[in-house]
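Heads up, the thing below is written out as structure tokens.
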Amino acid sequence: MAGSISRSWTLVKASANVLRLDKELMVFPLLSGIATVLVTVSFILPFAVTGGLHAFDRDDARYLAYVVGFFFYLVQYVVIFFFNSALVGAALIRLAGGDPTLSDGLAIAGKRFPSILGYAALAATVGMVVRFISERSGILGRLVVGAVGMAWSLATYLAVPVLVTEDIGPLDAVAESAALFRRTWGEQVVGNFGMGWAAAIVTIAWVLLSLSFITLASHLTTAVMAAAWVVAVSGFVLLALVSSALKGVYTAALYRYASTGEAGFFDPAVMSGAFRPKR
């Protein structure tokens, strides 16, 4: 565990060095978060206002729920993949020695929008099929679905960087992502380490610190209590933005390492050991 935590911090520091040079990269996850909230509200609000949410509880409306769910997944994925593509595209420019801007990232994502839309449709379809099977299968079926989901996650791990850098469709992007993955890390692998440990430690620390703030503020005035809540929530938002930006940088770095062998800001040993053989 200690080794995993140490490697996790190594990744964070390397990704943070990139983010320090391009702090505007955090704007992409911010825009993505705002857009996903708006999409969620736009889907829920009409049903909530008209009382249509209860209609999905009926057996004869279950398939309608799947249709609505598919389009919800589709729009959400389009938003998420678009801004993630912008983030990864900008990060790749920095890793190659350039100096990206927000407009550079958005231009890259905009140029690849048809492929992003197709990839979002593919991901939404896979997500709905997996959900459909999971809801209608027993424990063994859920285990199989879980294994399929893990395989899909690994196969598509580099799909967004592939879409950003190559003028190909979504199916070819998934195939290229899987091929890069196999050539670099092997067939049967699992994640060896990532930023998870570091993110978990920082999040837990902020939770404890926020609880301390709020507990102390509860003995003071209402204004101080409100300020404590604002600080706590703002901290979580900032952590989410930084974590998303660092993950985008790391994904871009993994793709660059897999496609060119260059580690750049990262330790080559860390890149080569990002995934380990599955036991």
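Rule-based calculations on the coordinates, nothing more; no lab input. The structure presented is a predicted model; accordingly, all values stated were derived computationally and were not measured. Cβ sites come from the backbone with ideal geometry, for glycine too, and all protein chains shown count toward neighbours.
List the residues, sorted by chain then number, that are 5 or more residues from F275 or on another chain and whose placed amide H is less than 5 Å from its amide H.
It is N192, by chain and number.
Could you work out the percent of alpha carbon pairs in segment 2-277 separated by over 26 Å, rounded to a whole number?
That tail contains 52 percent of the Cα-Cα pairs.
For the chain, list the DSSP H helices whose alpha carbon atoms reach 27 Å or more along the long axis and whose average Kyte-Doolittle value is 1.0 or above?
27-50, 62-95, 113-135, 196-217, 222-260
Multiplying the sequence separation of S212 and T101 by 0.36 nm and subtracting their Cα-Cα distance, what value in nm do you get?
Extending this stretch completely gives an extra 36.1 nm.
Just L246, L117, L21 to compare: in a GNM of the chain, with alpha carbon springs under 10 Å, which one fluctuates most?
Looking only at L246, L117, L21, the largest GNM fluctuation is found for L21.
What size of dipole, in debye to the nearest 20, comes out for the chain about its Cα centre when the only charges are +1 on Lys and Arg C-beta atoms and -1 on Asp and Glu C-beta atoms?
Magnitude of the dipole: close to 600 debye.
Of L171, F43, V242, which is farthest along the charge dipole of segment 2-277 in the positive direction, counting Lys and Arg as +1 and Asp and Glu as -1 at C-beta?
With unit charges placed on the Cβ atoms, the residue in question is V242.
If you stretched the chain out fully between T222 and D267, how much longer would it get, using 0.36 nm times the residue separation minus the C-alpha to C-alpha distance?
Additional length available on full extension: 11.3 nm.
Rounded to the nearest 500, what is the chain's calculated 222 nm mean residue ellipticity when only DSSP H runs of at least 4 contribute -39500 (n - 2.57) each, over all residues?
One gets -26500 deg cm²/dmol as the mean residue ellipticity at 222 nm.
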